[in-house]
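Chemist: Can you read through this structure? Questions will come right after.
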Amino acid sequence: LGLSNNLFSGYIDEAVGGLASLEYLYLDRNKLIGEIPSDIGYLTNLKALNIDENEIDGTLPSTLGNLLQLEYLSARSNRLSGGIPTTIKSLTNLSTINLASNALTGPIRPLIGMTGLKNVHLYQNTLTGSIPAGVFALPNLENLFLSSNHLTGTLPGGIVNAQASLTGLYLSDNFLRGTIPNQICALYQLENMFLDTNGFSGPLPSCLDELTRLRRLLVFKNQLTGEIPSGLSNLADLVQLGIEENHFTGALNNSCVAFGGNLKLWADCDELSDGCDCCTKCCSDGSSSC
(Lines give C-alpha, C1' and ligand atoms only; values in the text may rest on other atoms or scores of the structure.)
Protein backbone atom coordinates (compact mmCIF):
# COMPACT_ATOMS: atom_id res chain seq x y z
CA LEU A 1 0.00 0.00 0.00
CA GLY A 2 1.82 3.10 -1.25
CA LEU A 3 0.47 6.46 -0.09
CA SER A 4 3.73 8.41 -0.03
CA ASN A 5 4.18 12.11 -0.82
CA ASN A 6 0.62 13.32 -0.55
CA LEU A 7 -1.06 15.82 1.73
CA PHE A 8 -2.88 13.24 3.86
CA SER A 9 -3.57 14.48 7.36
CA GLY A 10 -5.12 13.03 10.47
CA TYR A 11 -4.21 9.91 12.41
CA ILE A 12 -3.14 6.42 11.50
CA ASP A 13 -6.33 4.56 12.34
CA GLU A 14 -6.17 1.49 14.57
CA ALA A 15 -8.15 -0.29 11.88
CA VAL A 16 -4.86 -0.65 10.00
CA GLY A 17 -4.31 -3.71 12.16
CA GLY A 18 -7.06 -5.47 10.27
CA LEU A 19 -5.05 -5.55 7.04
CA ALA A 20 -3.53 -8.87 7.99
CA SER A 21 -2.18 -9.70 4.52
CA LEU A 22 -0.41 -6.37 4.03
CA GLU A 23 3.28 -6.68 3.20
CA TYR A 24 4.29 -3.09 2.38
CA LEU A 25 2.98 0.11 3.98
CA TYR A 26 4.36 3.46 2.80
CA LEU A 27 2.90 6.54 4.48
CA ASP A 28 5.96 8.77 4.28
CA ARG A 29 5.98 12.47 3.38
CA ASN A 30 2.46 13.33 4.44
CA LYS A 31 1.04 15.39 7.31
CA LEU A 32 0.00 12.58 9.62
CA ILE A 33 -0.21 13.29 13.35
CA GLY A 34 -0.82 11.33 16.51
CA GLU A 35 0.78 8.12 17.65
CA ILE A 36 1.61 4.86 15.93
CA PRO A 37 -1.31 2.60 16.90
CA SER A 38 -0.42 -0.50 18.86
CA ASP A 39 -2.64 -2.51 16.52
CA ILE A 40 0.06 -2.23 13.91
CA GLY A 41 1.48 -5.26 15.64
CA TYR A 42 -1.20 -7.40 13.98
CA LEU A 43 0.41 -6.88 10.57
CA THR A 44 2.48 -10.02 10.95
CA ASN A 45 3.14 -10.32 7.20
CA LEU A 46 4.54 -6.80 6.91
CA LYS A 47 7.98 -6.57 5.30
CA ALA A 48 8.37 -2.79 4.99
CA LEU A 49 7.00 0.12 7.02
CA ASN A 50 7.86 3.72 6.11
CA ILE A 51 6.32 6.69 7.93
CA ASP A 52 9.14 9.20 7.32
CA GLU A 53 8.57 12.96 7.36
CA ASN A 54 5.26 13.25 9.14
CA GLU A 55 4.35 14.80 12.49
CA ILE A 56 3.85 11.56 14.38
CA ASP A 57 4.55 11.74 18.10
CA GLY A 58 4.38 9.49 21.13
CA THR A 59 6.51 6.40 21.65
CA LEU A 60 7.32 3.43 19.48
CA PRO A 61 4.78 0.73 20.40
CA SER A 62 6.16 -2.47 21.89
CA THR A 63 3.96 -4.39 19.46
CA LEU A 64 6.46 -3.64 16.71
CA GLY A 65 8.23 -6.68 18.08
CA ASN A 66 5.45 -8.85 16.63
CA LEU A 67 6.39 -7.96 13.04
CA LEU A 68 8.77 -10.86 12.61
CA GLN A 69 8.82 -10.62 8.80
CA LEU A 70 9.81 -6.93 8.82
CA GLU A 71 12.90 -6.12 6.77
CA TYR A 72 12.67 -2.32 6.56
CA LEU A 73 11.51 0.09 9.28
CA SER A 74 11.76 3.84 8.80
CA ALA A 75 10.21 6.62 10.87
CA ARG A 76 12.74 9.37 10.19
CA SER A 77 11.92 13.03 10.82
CA ASN A 78 8.95 12.79 13.13
CA ARG A 79 8.41 13.73 16.78
CA LEU A 80 8.85 10.34 18.36
CA SER A 81 10.05 10.23 21.96
CA GLY A 82 10.83 7.64 24.59
CA GLY A 83 13.14 4.71 24.22
CA ILE A 84 13.71 2.02 21.64
CA PRO A 85 11.41 -0.81 22.80
CA THR A 86 13.22 -3.91 23.98
CA THR A 87 10.80 -6.05 21.98
CA ILE A 88 12.42 -4.85 18.78
CA LYS A 89 15.27 -7.32 19.29
CA SER A 90 12.88 -10.02 18.03
CA LEU A 91 13.09 -8.54 14.51
CA THR A 92 15.97 -10.68 13.29
CA ASN A 93 14.95 -10.21 9.64
CA LEU A 94 15.20 -6.43 9.85
CA SER A 95 17.89 -5.12 7.52
CA THR A 96 17.39 -1.35 7.88
CA ILE A 97 16.18 0.67 10.84
CA ASN A 98 15.92 4.42 10.39
CA LEU A 99 14.65 6.39 13.39
CA ALA A 100 16.82 9.44 12.76
CA SER A 101 15.76 13.01 13.51
CA ASN A 102 13.35 12.35 16.33
CA ALA A 103 13.54 12.88 20.10
CA LEU A 104 14.30 9.32 21.18
CA THR A 105 16.02 8.77 24.52
CA GLY A 106 17.65 5.92 26.38
CA PRO A 107 20.21 3.31 25.34
CA ILE A 108 20.80 1.57 22.01
CA ARG A 109 21.20 -1.82 23.71
CA PRO A 110 17.91 -3.18 22.24
CA LEU A 111 19.73 -3.50 18.90
CA ILE A 112 21.90 -6.32 20.24
CA GLY A 113 20.86 -9.64 18.75
CA MET A 114 19.17 -8.18 15.66
CA THR A 115 21.33 -10.33 13.44
CA GLY A 116 19.88 -9.16 10.12
CA LEU A 117 20.74 -5.48 10.60
CA LYS A 118 22.85 -3.89 7.88
CA ASN A 119 21.98 -0.19 8.19
CA VAL A 120 21.31 1.57 11.49
CA HIS A 121 20.23 5.23 11.28
CA LEU A 122 19.70 6.71 14.75
CA TYR A 123 21.36 10.09 14.30
CA GLN A 124 19.88 13.35 15.60
CA ASN A 125 18.14 12.02 18.68
CA THR A 126 19.00 12.28 22.38
CA LEU A 127 20.06 8.68 22.92
CA THR A 128 22.25 8.11 25.97
CA GLY A 129 24.58 5.54 27.47
CA SER A 130 27.59 3.85 25.97
CA ILE A 131 27.94 1.98 22.68
CA PRO A 132 27.84 -1.68 23.74
CA ALA A 133 30.32 -4.08 22.17
CA GLY A 134 27.39 -6.27 21.16
CA VAL A 135 26.37 -3.76 18.51
CA PHE A 136 29.65 -4.39 16.69
CA ALA A 137 29.00 -8.13 16.91
CA LEU A 138 26.01 -7.83 14.56
CA PRO A 139 27.27 -10.07 11.74
CA ASN A 140 25.90 -8.07 8.79
CA LEU A 141 26.35 -4.50 10.04
CA GLU A 142 27.47 -2.19 7.22
CA ASN A 143 26.57 1.35 8.32
CA LEU A 144 26.21 2.65 11.86
CA PHE A 145 24.86 6.22 12.06
CA LEU A 146 24.81 7.42 15.68
CA SER A 147 25.89 11.05 15.22
CA SER A 148 24.31 13.92 17.15
CA ASN A 149 23.17 12.09 20.24
CA HIS A 150 24.26 12.15 23.90
CA LEU A 151 26.28 8.94 23.86
CA THR A 152 29.05 8.61 26.42
CA GLY A 153 31.83 6.21 27.36
CA THR A 154 34.63 4.81 25.25
CA LEU A 155 34.85 2.88 22.02
CA PRO A 156 34.92 -0.81 22.97
CA GLY A 157 37.73 -3.06 21.82
CA GLY A 158 34.96 -5.31 20.54
CA ILE A 159 34.68 -2.98 17.57
CA VAL A 160 37.00 -5.47 15.88
CA ASN A 161 34.06 -7.87 15.52
CA ALA A 162 32.63 -5.67 12.75
CA GLN A 163 35.69 -6.07 10.56
CA ALA A 164 34.08 -8.22 7.87
CA SER A 165 31.18 -5.92 7.01
CA LEU A 166 31.36 -2.37 8.46
CA THR A 167 31.87 0.28 5.77
CA GLY A 168 30.56 3.38 7.56
CA LEU A 169 31.07 4.45 11.18
CA TYR A 170 29.39 7.76 12.04
CA LEU A 171 29.77 8.82 15.69
CA SER A 172 30.12 12.61 15.33
CA ASP A 173 28.78 15.07 17.88
CA ASN A 174 28.47 12.92 20.97
CA PHE A 175 30.26 12.83 24.33
CA LEU A 176 32.55 9.89 23.67
CA ARG A 177 35.95 9.93 25.37
CA GLY A 178 39.10 7.92 25.87
CA THR A 179 41.55 6.84 23.21
CA ILE A 180 40.67 5.59 19.76
CA PRO A 181 41.47 1.87 20.10
CA ASN A 182 43.99 0.22 17.82
CA GLN A 183 41.38 -2.45 17.10
CA ILE A 184 39.71 0.05 14.80
CA CYS A 185 42.47 -0.63 12.27
CA ALA A 186 41.06 -4.13 11.77
CA LEU A 187 37.96 -2.73 10.04
CA TYR A 188 39.37 -3.42 6.61
CA GLN A 189 36.09 -2.67 4.80
CA LEU A 190 35.78 0.79 6.33
CA GLU A 191 35.29 3.68 3.89
CA ASN A 192 33.95 6.47 6.12
CA MET A 193 34.91 7.11 9.75
CA PHE A 194 33.43 10.18 11.45
CA LEU A 195 34.63 10.59 15.05
CA ASP A 196 34.60 14.38 15.17
CA THR A 197 33.13 16.61 17.88
CA ASN A 198 33.67 14.29 20.82
CA GLY A 199 36.17 14.10 23.68
CA PHE A 200 38.64 11.58 22.32
CA SER A 201 42.18 11.99 23.61
CA GLY A 202 45.61 10.51 23.03
CA PRO A 203 47.18 9.85 19.64
CA LEU A 204 45.61 8.68 16.42
CA PRO A 205 46.40 4.97 15.97
CA SER A 206 49.55 4.65 13.89
CA CYS A 207 48.00 1.67 12.11
CA LEU A 208 45.30 3.71 10.32
CA ASP A 209 47.14 3.18 7.04
CA GLU A 210 45.86 -0.41 7.20
CA LEU A 211 42.40 0.91 6.32
CA THR A 212 43.14 0.80 2.61
CA ARG A 213 39.56 1.55 1.54
CA LEU A 214 39.20 4.64 3.72
CA ARG A 215 37.80 7.66 1.86
CA ARG A 216 36.76 10.04 4.64
CA LEU A 217 38.34 10.43 8.07
CA LEU A 218 37.00 13.19 10.30
CA VAL A 219 38.40 13.54 13.82
CA PHE A 220 38.21 17.33 14.29
CA LYS A 221 37.08 18.94 17.55
CA ASN A 222 38.54 16.40 19.94
CA GLN A 223 41.46 16.44 22.39
CA LEU A 224 43.80 14.34 20.28
CA THR A 225 47.54 14.76 20.69
CA GLY A 226 50.81 13.51 19.22
CA GLU A 227 51.93 13.37 15.64
CA ILE A 228 49.72 12.77 12.64
CA PRO A 229 50.48 9.25 11.35
CA SER A 230 52.58 9.58 8.22
CA GLY A 231 51.03 6.40 6.86
CA LEU A 232 47.81 8.28 6.10
CA SER A 233 49.51 9.54 2.94
CA ASN A 234 49.52 5.94 1.68
CA LEU A 235 45.74 5.78 1.56
CA ALA A 236 45.10 6.11 -2.15
CA ASP A 237 41.32 6.52 -1.85
CA LEU A 238 41.35 9.19 0.88
CA VAL A 239 39.45 12.31 -0.27
CA GLN A 240 38.61 14.04 3.04
CA LEU A 241 40.76 14.39 6.14
CA GLY A 242 39.60 16.68 8.95
CA ILE A 243 42.01 16.91 11.88
CA GLU A 244 41.56 20.52 13.00
CA GLU A 245 40.80 21.73 16.53
CA ASN A 246 42.94 19.12 18.26
CA HIS A 247 46.42 19.37 19.77
CA PHE A 248 48.53 17.64 17.14
CA THR A 249 52.21 18.39 16.79
CA GLY A 250 54.96 17.43 14.40
CA ALA A 251 55.17 17.83 10.66
CA LEU A 252 52.75 17.23 7.81
CA ASN A 253 54.37 18.71 4.71
CA ASN A 254 56.43 15.59 4.04
CA SER A 255 53.14 13.78 3.54
CA CYS A 256 51.63 16.49 1.36
CA VAL A 257 53.37 15.32 -1.80
CA ALA A 258 52.10 11.80 -1.35
CA PHE A 259 48.54 12.95 -0.66
CA GLY A 260 48.17 14.25 -4.20
CA GLY A 261 45.62 16.79 -5.39
CA ASN A 262 42.34 15.00 -4.69
CA LEU A 263 42.41 15.32 -0.91
CA LYS A 264 40.47 17.98 1.00
CA LEU A 265 42.47 18.55 4.17
CA TRP A 266 41.59 20.69 7.17
CA ALA A 267 44.20 21.18 9.90
CA ASP A 268 45.52 23.56 12.56
CA CYS A 269 48.41 24.67 10.39
CA ASP A 270 49.97 26.99 13.00
CA GLU A 271 50.43 24.12 15.45
CA LEU A 272 52.37 22.00 12.99
CA SER A 273 56.11 22.49 12.91
CA ASP A 274 56.23 23.07 9.15
CA GLY A 275 52.73 24.41 8.54
CA CYS A 276 50.62 22.69 5.94
CA ASP A 277 51.26 23.53 2.30
CA CYS A 278 48.58 21.16 1.03
CA CYS A 279 45.77 22.09 3.40
CA THR A 280 42.48 23.02 1.82
CA LYS A 281 41.83 25.17 4.85
CA CYS A 282 44.02 26.21 7.76
CA CYS A 283 42.24 26.51 11.06
CA SER A 284 43.00 27.38 14.63
CA ASP A 285 41.44 25.98 17.78
CA GLY A 286 38.10 27.57 18.40
CA SER A 287 37.92 29.19 14.98
CA SER A 288 34.38 29.78 13.80
CA SER A 289 35.47 29.60 10.17
CA CYS A 290 36.29 25.88 10.23
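Chemist: What is the distance, in nm, between label points placed 7 Å from the Cα along the Cα-to-Cβ direction at SER165 and at ALA251?
Modeler: Spacing of the two 7 Å Cα→Cβ label points: 4.5 nm.
Chemist: Sticking with this structure for a sec: Please report, as a whole percent, how much of the solvent-accessible surface of region 18-150 comes from carbon and sulfur atoms (probe radius 1.4 Å).
Modeler: 47 percent
Chemist: Give me a comma-separated list of calculated 3J(HN,Hα) values for region 223-232, in order, Karplus coefficients 6.51, -1.76, 1.60 applied at θ = phi - 60°, integers in Hz, x for any Gly or Pro.
Modeler: 10, 6, 10, x, 8, 6, x, 5, x, 4
Chemist: Rank SER165, SER201 by accessible area, highest first, at a 1.4 Å probe radius?
Modeler: Output order, biggest surface exposure first: SER201, SER165.
Chemist: Where the only charges are on Cβ atoms (+1 Lys, Arg; -1 Asp, Glu), what is the dipole of the chain about its Cα centre, to the nearest 20 debye?
Modeler: Working: 15 positive and 27 negative charges, 111 e Å.
The dipole magnitude comes to about 540 debye.
Chemist: If contacts are Cα pairs under 8 angstrom and at least 6 residues apart, what is the relative contact order of the chain in percent? Walk me through the intermediate numbers first.
Modeler: Numbers: 844 pairs, mean separation 23.1, N = 290.
Relative contact order comes out at 8 percent.
Chemist: Using a simple spin-label model with points 7 Å from Cα along the Cα→Cβ vector, what separation in nm is obtained for LYS31 and THR179?
Modeler: According to this spin-label approximation, the distance is 5.6 nm.
Chemist: While we're on this one: Ordering HIS247, HIS121 by how much accessible area each has at a 1.4 Å probe, largest first, what is the list?
Modeler: Largest accessible area first, the list is HIS247, HIS121.
Chemist: Hey, if we sort LEU68, LEU46 by accessible area with the 1.4 Å probe, largest down, what's the order?
Modeler: Order by accessible area, largest first: LEU68, LEU46.
Chemist: For the pair ASN6 and ARG215, what calculated FRET efficiency results from E = 1/(1 + (r/R0)^6), where r is the Cβ-Cβ distance and R0 = 35 Å, to the nearest 0.05? Before the final figure, lay out each step's value.
Modeler: Working: r = 37 Å, r/R0 = 1.07.
It comes to 0.40.
Chemist: Give the accessible surface of the chain per residue, rounded to a whole number of Å², with probe radius 1.4 Å and ligands, DNA and RNA excluded. Don't jump to the answer; show the numbers that get you there.
Modeler: On the way: 12260 Å² over 290 residues.
Ligands and nucleic acids excluded, the result is 42 Å² per residue.
Chemist: Please give the residues of region 87-123, grouped as numeric ranges, whose backbone N is less than 16 Å from a label point set 7 Å along the Cα-to-Cβ vector of ASN45.
Modeler: Backbone N within reach: none found.
Chemist: Based on the Cβ-Cβ distance of ARG79 and ALA133, what FRET efficiency does E = 1/(1 + (r/R0)^6) give at R0 = 30 Å, to the nearest 0.05?
Modeler: On the way: r = 32 Å, r/R0 = 1.05.
Between ARG79 and ALA133 the formula returns 0.40.
Chemist: How large is the helix-only mean residue ellipticity at 222 nm for the chain, computed as the sum of -39500 (n - 2.57) over DSSP H runs with n ≥ 4, divided by its residue count, in deg cm²/dmol to the nearest 500?
Modeler: One gets -500 deg cm²/dmol as the mean residue ellipticity at 222 nm.
Chemist: How much accessible surface does GLU23 have with a 1.4 Å probe, in Å² rounded to 10?
Modeler: Only protein atoms counted, so the area is about 80 Å².
Chemist: Further, regarding this structure: Work out the charge dipole of region 1-139 with +1 on the Cβ of Lys and Arg and -1 on the Cβ of Asp and Glu about the Cα centre, then indicate which of VAL16, GLY65, GLY113 is farthest towards its positive end.
Modeler: Towards the positive end, the residue furthest out is GLY113.
Chemist: What does DSSP give for the chain in terms of the percent of beta bridges that are antiparallel, rounded to the nearest 5?
Modeler: 0 percent
The values are calculated or read from the model by the stated rules, or taken from the named source; none is laboratory data. In this text the structure is predicted, and so the values were computed from the model without any measurement. Backbone-built Cβ (ideal geometry, glycine too); neighbour counts: all protein chains shown. Heads up: the accessible areas ignore ligands, DNA and RNA and are worked out on the full protein's heavy atoms, side chains in. Shrake-Rupley method; radii C 1.70, N 1.55, O 1.52, S 1.80 Å.
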